[in-house]
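So the structure is just underneath, and the comments pick up after that.
The values are calculated or read from the model by the stated rules, or taken from the named source; none is laboratory data. All figures in this text were calculated on a predicted structure; none of them were measured in a lab. Every residue, glycine among them, receives a Cβ derived from its backbone with ideal geometry; neighbour counts consider all protein chains shown. Keep in mind that these areas ignore ligands, DNA and RNA; they rest on the heavy atoms of the full protein, side chains included. Shrake-Rupley method; radii C 1.70, N 1.55, O 1.52, S 1.80 Å.
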Amino acid sequence: MKKNKFLLLAAIAVMFASCGGQQPNMGDNEYAVRTIETQNAELQTTYPATIRGVQDVEIRPMVSGFITKMYVKEGQTVRKGQVLFEINKVTYEAAARQAKAAVNSAEAQLNTSKLTYENNQKLFANNVIGTYELQSSKNAYENAQAALAQAKASYVSAKQNLDFCYVTSPADGVVGNLPYRVGALVSASSAEPLTTVSDINTMQVYFSMTEKDMLDLTKTKGGLHAAISEYPAVKLQLADGTTYGHDGKVAAVSGVIDQATGSVSMRADFPNPEHLLKSGGSGYIVVPHANSAAIVVPQDAVAQVQDRYFVYILGGDNKVKYSPVTVNPDNDGKTYIIESGLKVGDKIVVSGITTLKDGMQIKPITEAQYQEKLKKTSQMGAHQNDLNKLKEDLTK
């Protein structure tokens with residue numbers, strides 16, 4: 001048994017010798033090189049955004065009083081004219097009855113004044129009374145007419161105040177926060193509204209674009225109105241990081257630049273059939289940009305030193321040159337879009353750049369050859385690990 005174990009160990013030693021006795025490595029100065037070409041690239045720019053309903057109406061009472069009934073709950077969908085609250089109406093009912101009684105009294109007084117005036121006209125025609133008496137009765141009649149008109153106006157006002165005890169929705173929408181409860185004293189001057197009714201069938205999302213971006217946009221499109229009409233559909237990233245399921249359309253741009261921030265306010269409209277978006281919410285507007293002639297390189301091919309970026313460009317003598325480039329700030333986490341520093345036909349090293357130095361001579365290979373080499377090296381490493389484990393087991 002010991003003899004067999006010794007022979008097996010000897011065989012393993014021979015296998016170790018054939019493998020070089022150590023972990024294989026790349027180490028032959030070969031680096032993957034890519035020739036620069038242009039390709040289509042989808043960029044996107046994000047802007048912080050605030051979500052608002054098409055119509056956010058604060059509901060405030062027109063009369064003062066205690067809330068006696070609440071007909072809605074927070075988040076409830078309501079229709080235009082629907083009663084939301086009822087305010088104590090006893091005082092306003094009494095005022096309406098009093099105003100109505102005043103109208104009846106004024107009408108009676110008017111009828112009496114009319115009869116007196118008509119009778120005095122007959123007496124004056126028969127020379128029974130003089131001009132003074134006739135004019136006096138006429139004035140009394142006209143005063144009675146004015147008194148009736150005033151009484152009717154007071155009744156209309158009292159009746160309107162009574163109607164105001166029923167607070168209705170001025171538009172279709174969704175009920176917001178309800179800060180007051182039954183028994184609370186409210187008035188038109190209350191600090192908070194009774195609630196807010198928001199029309200959320202379509203949502204208006206406001207965001208700000210920098211002055212530079214706006215100028216670039218209007219120059220390339222030939223004016224602001226043309227830029228808006230040709231603006232691509234935008235997406236909305238919600239607060240939880242997910243993307244809203246409906247695209248939006250930029251509908252309006254402010255004509256004034258905010259001097260404090262140097263930005264221009266813009267508005268995008270989004271359909272909201274599921275009522276997922278809520279007024280007052282926040283998110284990010286995502287604006288796509290298509291580039292049909294972009295230079296795209298893997299991030300592994302780019303070295304970053306503070307806020308500067310560099311690549312290794314391969315020269316005709318197979319020597320690399322440490323060259324600065326400008327990258328687009330928007331990226332997908334895997335690649336960079338090069339804005340300057342590279343041109344079509346340049347060759348750059350795309351892997352292992354941490355071991356390179358400026359002016360170093362290398363042996364260029366294709367990316368496919370480099371991946372095949374990595375695969376073989378990995379297989380050799382796994383094979384050697386198996387031999388190490390077997391040797392360890394036999395020596396126990």
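What the table shows:
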| item | result |
| --- | --- |
| Filter result for Lys80 (in a strand (DSSP E or B), of a type in the set (Lys, Arg) and on the phi < 0 side of the Ramachandran plot) | no |
| Members of region 240-272 that are in a loop (DSSP other than H, G, I, E, B) and either at positive phi or at pLDDT 90 or above (or both) | Asp240, Gly241, Thr242, Tyr244, Gly245, His246, Asp247, Gly262, Asn272 |
| So Tyr117, is it of a type in the set (Ser, Thr, Tyr) and under 21 Å from Val156 (Cβ atoms) | no |
| Conditions (1) under 25 Å from Thr68 (Cβ atoms); (2) assigned to a helix (DSSP H, G or I); number of the one not met by Thr218 | (1) |
| Residue list for region 277-290, restricted to those being at pLDDT below 90 and open to solvent by 70 Å² or more (accessible area, probe 1.4 Å) | Lys278, His289, Ala290 |
| Residue tally, condition closer than 15 Å to Arg181 by Cα and surrounded by fewer than 15 Cβ atoms within 10 Å (Cβ to Cβ), over region 72-90 | 2 |
| Tyr141 more than 19 Å from Met62 (Cβ to Cβ) and surrounded by fewer than 15 Cβ atoms within 10 Å (Cβ to Cβ) | no |
| Residue ID - most open to solvent (accessible area, probe 1.4 Å), chosen from residues in region 39-71 that are within 30 Å of Lys343 (Cα to Cα) and of a type in the set (Ser, Thr, Tyr) | Thr46 |
| Subset of region 1-58 [assigned to a helix (DSSP H, G or I) and either under 28 Å from Lys376 (Cβ atoms) or at pLDDT 90 or above (or both)] | Leu8, Leu9, Ala10, Ala11, Ile12, Ala13, Val14, Met15, Phe16, Ala17, Ser18 |
| Extreme residue, nearest to Ser169 (Cα to Cα), among residues of region 191-207 that are open to solvent by 20 Å² or more (accessible area, probe 1.4 Å) and not β-branched (Val, Ile, Thr) | Asp199 |
| Inter-residue pairs, beta-carbon under 6 Å, first farther than 11 Å from Ala41 by Cα and of a type outside the set (Phe, Trp, Tyr) and in region 329-345, second part of a loop (DSSP other than H, G, I, E, B) and open to solvent by less than 50 Å² (accessible area, probe 1.4 Å), 6+ apart | Glu339/Asn328; Leu342/Ile36; Val344/Ile36 |
| Cross-chain or 6+ apart pairs with Cβ under 8 Å, region 113-131 first and closer than 16 Å to Ala147 by Cβ, then surrounded by 10 or more Cβ atoms within 10 Å (Cβ to Cβ) and of a type in the set (Asp, Glu) | none |
| Boolean, Gly333 is modelled with pLDDT of 90 or more and either touching a Ser or Thr at 6+ places or on another chain (Cβ under 8 Å) or farther than 27 Å from Asn29 by Cβ (or both) | no |
| Some residue of region 367-385 being closer than 13 Å to Val33 by Cβ, at pLDDT below 90 and either part of a loop (DSSP other than H, G, I, E, B) or open to solvent by less than 50 Å² (accessible area, probe 1.4 Å) (or both) | yes |
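The rows are residues; the columns are (1) without any contact (Cβ under 8 Å) to a residue 60 or more places away in the chain; (2) out of contact with any His (no Cβ under 6 Å at 6 or more places or on another chain); (3) of a type in the set (A, V, I, L, M, F, W, C).
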residue: Glu274; (1), (2), (3): yes, yes, no
residue: Gly280; (1), (2), (3): no, yes, no
residue: Val286; (1), (2), (3): no, yes, yes
residue: His289; (1), (2), (3): no, yes, no
